[in-house]
Amino acid sequence: MNKKWCWLVVVVLAAGSVFAGQVVIKSKSMAVAVDDAFPRVIEYRWLENGAIIHGQEDVLRDVVLNGTTCTPKIDFEQKGKSKARYDLEFPSLDVEMEIELSVEEGTLLFEVTGIEENGDTTVKTIEFPNHCLISVRDTQPGASLSSCTGVQNDEFSSVGDKKPSKKVKSHAILNTDKLAATIDNNTILNRSQLWVQTVKKEGYKRSGIWNNYWRYRYLDTEIVELPWARIMITPDINGDGLVNWQDGAAVFRSNMTPKFGGEKLSQSVCYINMNFCSLAQNPFLRTLDGIKKFSGYIDGFGQMVELKGYGSEGHDSAHPDYGGNFNTRAGGLKDLNFLIEKAAEYDTDIGFHINHTEAYPEARSFSEELLSQPRHKAWAWLDQSYHIDRFADTISGNLYARLEEMKREVPGLAFTYVDTYGGKEWEAWK
């Protein structure tokens, strides 16, 4: 990496705050003022109407690596009109990092493009505290914050009405009456990808959003992915003559990372067929009859059918036997594969309901090695179940062996639904 350090120029902006030297990178749609001493965004300006979305007006210098706050040495380079590059050196850790900020149309891409570990430190987590990549102020007309956690807890409020707070969220949108802004990223923290904060400043209240930490490694031998974040800015995009959270949601949807299998959901009716407690209420061939009849009612529209209780004696029996232990009362493996094969003729995908939280003692895979130690009781509406040691089961390869057995025996299976999985971070991602 280039070790030529830059000279810093201090300037005072109209807002009254003191910043290091600014550099402007821009596209045909948007100009972005960035700090040349740290990968910090100061301001976004929409060129057509001059409207502004703020970034972080407070000077930043720190990065948190593996939970330790570090102040890197930084070399800055502007690369053309639309890109800025930062080379960060962490001498105490013997680690170097490259970061690029680049603008294309209404999107700013924040990317860690390289990490070099030159000593004994292995980078596992990366965080930019208080980064505030986008923010709005209550002095801006229409300033509002909308957010949610997963698919719950929707919040819509004006910035002026917000009390000072700091929370993790899965999605968040800021808007004024001129622009809306939102963030997508590749942090693996399910349901808590973003920090959302409202603070009281001198003369205004600010709501801002930035990324939660990234998991770069969990195991020393495996890299998850280099961190990135996509900051999306838009004026009225849905043509209703207003700018609000809906414009932020629309620009997010048009630029978001596709969710694996998500395209199928909008083209299918989804429902569950359940067998439980040895009763075989929905034998596999009866399920096929239902698919045929329903297809007639919905004019051949696609279906996704989740079989809940395809194994052993039905639902929740013999977890985590994903294969090798099929529900004979419902028709067994032969009828199951026949169902899957014939259902495809009616544009129907068959999937399984599985579980990687609980192990039941009747399961063929049940063992002390599988369980968290000491044993922790889980669900008990059938035989008493016990919590699985997810990490140990994953790194041992046993989890994948059971999944591969299932796939070999049921090769036409379209999807699995993993029930009761409350985890996040590496184990859930893996």
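All of the numbers you see were taken from the coordinates with simple rules; none came from a lab. Every value quoted in this text rests on a predicted model; they were computed, and no experiment measured them. In this analysis, Cβ positions are derived from the backbone assuming ideal geometry, glycine residues included, and neighbour counts consider all displayed protein chains.
Numbers at a glance
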| read-out | value |
| --- | --- |
| Charge dipole (debye, nearest 20) of the chain; +1 at Cβ of Lys and Arg, -1 at Cβ of Asp and Glu | 920 |
| Residue range of the chain that is longest and free of GluC sites (Glu not before Pro) which are both DSSP loop and sparsely packed (at most 13 other C-beta within 10 Å) | 226-367 |
| Long-range HN-HN contacts of K205 with modeled amide H, under 5 Å | D138, T139 |
| Phi to ³J(HN,Hα) by Karplus 6.51 cos²θ - 1.76 cosθ + 1.60 over region 380-389, Hz, x for Gly, Pro | 9, 7, 10, 5, 4, 9, 9, 5, 7, 7 |
| Loop chymotrypsin sites (Phe, Trp or Tyr not before Pro), region 348-430, which have at most 16 other Cβ atoms in a 10 Å radius of their Cβ (DSSP) | W381, Y421 |
| Debye equation applied to the C-alpha atoms of region 273-340, log10 I(q)/I(0) at 0.22 Å⁻¹ | -0.86 |
| Hydrodynamic radius by Kirkwood, which averages 1/r over all alpha carbon pairs of region 334-428, in angstrom | 15.0 |
| Region 336-429 - percent relative contact order, Cα under 8 Å, separation 6 or more | 38 |
| Under 14 Å, Cβ to Cβ, from I298 - net charge with Lys/Arg +1 and Asp/Glu -1 | 0 |
| Sparse-neighbour loop sites [trypsin sites (Lys or Arg not before Pro); region 305-401; at most 16 other C-beta within 10 Å; DSSP] | R329, R364, R375 |
| Euclidean distance between Cα centres, region 371-429 to region 322-358, Å | 18 |
| Candidates V63, V103, V151, ranked by Gaussian network fluctuation over the chain, Cα under 10 Å, top entry | V151 |
| From the coordinates shown, Cα Rg over 2.2 N^0.38 Å corresponds to which of (i) 1.27; (ii) 1.02; (iii) 1.18 | (iii) |
| Relative contact order of the chain, pairs being alpha-carbon contacts under 8 Å that are 6 or more residues apart, as % | 10 |
| Net charge contributed by nearby residues that have their C-beta within less than 11 Å of S192 (K/R +1, D/E -1) | +3 |
| When region 34-132 is reduced to its Cα atoms, the Kirkwood hydrodynamic radius in Å | 14.5 |
| Cleavage-rule hits, chymotrypsin sites (Phe, Trp or Tyr not before Pro), region 220-262, DSSP coil, Cβ neighbours within 10 Å at most 13 | F260 |
| Extended-chain gain in nm, criterion 0.36 nm per residue less alpha-carbon gap, E404 and S158 | 83.5 nm |
| Farthest positive-ward along the chain dipole, Cα basis, beta-carbon charges - from G314, P39, H353 | P39 |
| Dipole-positive endmost among I126, S102, G142 within region 89-151 (Cβ charges, Cα centre) | G142 |
| Candidate lysines for bridging to K259, where Cα separation is under 21 Å - those fewer than 8 sequence places away on the same chain excluded | K169, K424, K430 |
| Region 139-280: proportion of alpha-carbon pairs further apart than 20 angstrom, % | 57 |
| Under the Karplus curve 6.51 cos²θ - 1.76 cosθ + 1.60, θ = phi - 60°, whole-Hz ³J(HN,Hα) for region 119-129, x wherever Gly or Pro sits | x, 8, 6, 9, 6, 10, 10, 9, 9, 10, x |
| Under 5 Å, built H, 5+ apart or other chain: amide partners of A363 | A318 |
| Around C70: net Lys/Arg minus Asp/Glu count, Cβ-Cβ under 13 Å | -3 |
| Derived scalar couplings ³J(HN,Hα) [region 132-149; Karplus, 6.51 cos²θ - 1.76 cosθ + 1.60; whole Hz; x for Gly, Pro] | 6, 5, 9, 7, 10, 10, 5, 7, 8, x, x, 4, 9, 10, 10, 7, 7, 10 |
| Euclidean distance of C-alpha centroids, region 177-243 and region 30-84, integer Å | 14 |
| Charge dipole of the chain about the Cα centre (unit charges at C-beta), most positive-ward option of Y86, T221, W210 | W210 |
